[in-house]
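Just so you know, all these numbers are worked out from the coordinates, no wet-lab data involved. Owing to the predicted nature of the structure, the values given are computational and were not obtained by experimental measurement. Glycine gets a Cβ as well: all are built from the backbone with ideal geometry, and neighbour counts include every protein chain shown.
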Amino acid sequence: MNPSIPPEQIEQDVLAAMKKPGLLYWLALLFCGTVFIAGMVCWGYQLKTGLGVAGISHPVAWGIYITNFVFWVGIAHSGTLISAVLFLLRARFRTSFNRAAEAMTVFALMVAGLFPLIHLGRTWVFYYLIPYPNQRQIWVNFRSPLIWDVFAISTYLTVSLVFFYVGMIPDFAVVRRYAKGIRKKIYQVLSLGWEGRLGEWRNYNQLYLFLAAFATPLVASVHSIVSWDFAMSILPGWHTTIFAPYFVAGAILSGTAMVITLVVPLRKTLSLQRYITDDHFEAIAKILLFTSLIVSYAYIVEPALAAYGKNPFEIEEFRYRAFGDYGTLFWIMIFCNSILPLALFVKRLRRNIHFLFVLSLFVNIGMWLERFVIIVTSLARDYNPYAWGTYHPSIIEIGITLGGFGLFFSAYLVFLKTLPVLSITEIKERSDGTGNHS
Amino acid sequence: MAREIILENREAFVRKLRELVDGGVPAEKIHAQFPYPVHEVEEILGRRPGPVRYFTLIGAVTGFVAGFGLTIYTVLSWPMITGGKPLVSIPPFLLIAYILTILFGSLASFAGFFFLSILPKIGRLFTPLTEQANRFIITVEEEKR
């Protein structure tokens, strides 16, 4: 990277992304918006008719709604990893990705938060999950992992939003100089009248450091809590202590893949090659490879523990996972998450942006399947053969799932045109040659 | 009375600031505006970290206490045993306390930042005093002659 790009140049390059969108953008937004609305229509139908329109039933009562929930919460994680953990570690390549990744975190959590509500069936009584004094005179059960989820996800969303916004305050002060008309007014309000004074910066730096420090434990805790939705039960294949670290590594793997999926086209269409370099992609690819190895290790440990433990139900569960009704999905998952990412040991492939993009799509698919396989196979085959069964998602479930993707990508497209896609302030700081974040 | 010095880049800014301090201008009389964080500033002016951290601490402690308070209070106000676990089960309640520590700590820091930086600047929102752009501005308060 050219170490000294003039600050005005940086501003213009980044803000060029926010210019009037072209036809391609509108078509993309129209497509994603339509998919989203179609998903909402499916949900409306489910609300009106009842949860019977979904394929979930006895014994598989958790289907792709919960798969989607876990998937999207997982996607959110690497946004926080990149913005908070890499901030504390002073990794300079973070600056190229943090804004895009933080936006991804916020949108992914919004989508994730929808799915438990959709899964409830009677969505309108969702407030039973919130502890407040009520006429029923009972409180929520704080020993239930589902309540931990409510707390963990809502806290995660709040902290991520605050972090996202705080990171943008100095940038809004830049945008407001360039914007005109009503947009100028909006950015002026969003920038809160930021003037870059000594006192403002001192408090700001401290706040940013604390928020990063608070968000870091959330990376570990939120997906651990999600994993306990499963691990706290007694089903074979779910009831294991490895679940929390296994899920956290999986979350970062899938989220890193999603960052690559989003940033590769972003860099190309907005011509940001000067700011997001191949070196930065290589660094992200290394995170992907590392987490893929952890996940592969977990894939090995799980059946190994089952075999060593001599528990017939556990052994049968892992045999069923690999060779039963959902065996194909299991092997696709192994290929996408464990085998294909091994290619990243080759430096040339780590730096090949096209390869990374294709790989990231495979990992996204693989990680979605991982959640599906974990959830469905354990429910489909538990202790009593009389209670065994299989599950196939219905059209309505698939429609709502696609609607979730539609919502995520629509929100992302709107983000590209309304907020600065790179942290202008941090890139200025980085390009003056010192790049110390403190 | 104030003297304003406008500088075009970071090096000149840091140099000038150091010059002023070495020249005997007291640190509290120096004000500055800059477009991105410059870590040398704190070093040169020798100021201690600001009070945002106290907001963080108070928020975090409140969150921790609130987490245990809420869970223990609710479980005792309608004692119902579920899953054969003790009414006051520390491990799951610790999780709630942990999460609320993070939530309250972050929100209190956020509020502290607003309060201490006097943001949002209501009166000047649409008419900022100075639009510093990418310049570094040092303002030195001077004694009335």
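Points worth noting:
- Most fluctuating residue given options A:His392, A:His223, A:His119, as computed from a GNM of chain A linking Cα atoms under 10 Å: A:His392
- Under the convention that each Lys and Arg Cβ holds +1 and each Asp and Glu Cβ holds -1, the size of the dipole of the protein assembly as shown around its Cα centre is about 920 debye.
- Label-to-label distance for B:Asp22 and B:Ala133 is 3.0 nm, based on points extended 7 Å past Cα in the beta-carbon direction.
- Site pair A:Ile37 and B:Ala12 shows an inter-label distance of 5.5 nm when each label is modelled 7 Å from Cα along Cα→Cβ.
- Residue-averaged [θ]222 nm for chain A, counting only DSSP H segments that reach four residues, each worth -39500 (n - 2.57): -23500 deg cm²/dmol
- Helix runs (DSSP H) in chain A reaching 20 Å along axis by Cα, Kyte-Doolittle at least 1.6: A:353-380
- Taking a ≥ b ≥ c as the square roots of the eigenvalues of the Cα gyration tensor, the range A:15-162 is classed as oblate, since a/c reaches at least 1.5 and a/b does not exceed b/c.
- Candidate lysines for bridging to A:Lys286, where Cα separation is under 17 Å - those fewer than 8 sequence places away on the same chain excluded: A:Lys347
- Aspartates and glutamates whose Cα lies under 17 Å from that of B:Lys29, excluding same-chain neighbours fewer than 8 positions away: A:Glu200, B:Glu4, B:Glu19, B:Glu42, B:Glu43, B:Glu141, B:Glu142, B:Glu143
- Of the cross-linked pairs A:Lys310/B:Lys85; A:Lys268/A:Lys417; A:Lys428/B:Lys16, those separated by over 18 Å at the C-alpha level are A:Lys310/B:Lys85; A:Lys428/B:Lys16.
- Counting other Cβ atoms within 10 Å as a rough exposure proxy, the listed residues A:Cys32, A:Cys336 run A:Cys32, A:Cys336 from fewest neighbours to most.
- Straight-distance crosslink candidates among lysines, where the alpha carbon sits under 18 Å from B:Lys121 and sequence neighbours closer than 8 are dropped: A:Lys184, A:Lys185
- Between A:Ile138 and B:Arg3, the simple label model (points 7 Å from Cα in the Cβ direction) yields a spacing of 7.5 nm.
- Selection from B:Thr139, B:Val25, A:Tyr297 lying farthest towards where the dipole of the protein assembly as shown points positive, charges on Cβ: B:Thr139
- Within 10 Å of the Cβ of each residue in A:163-175, the mean number of Cβ atoms contributed by other protein chains is 2.
- When chain A is treated as a Gaussian network with alpha carbon springs shorter than 10 Å, the biggest mean-square fluctuation among A:Leu198, A:Leu356, A:Leu419 belongs to A:Leu198.
- Inter-part distance where the range A:102-149 and the range A:276-324 are each reduced to a Cα centre, Å: 30 Å
- Low-density loop cleavage sites - chymotrypsin sites (Phe, Trp or Tyr not before Pro) in the range A:292-394, where at most 16 other Cβ are within 10 Å (DSSP): A:Tyr383, A:Trp388
- In the range B:25-128, trypsin sites (Lys or Arg not before Pro) in a DSSP loop with at most 15 other beta-carbon atoms within 10 Å: B:Arg47
- Values of log10 I(q)/I(0), in the order q = 0.06, 0.07 Å⁻¹, for the protein assembly as shown under a Debye, Cα-only, solvent-free model: -0.35, -0.47
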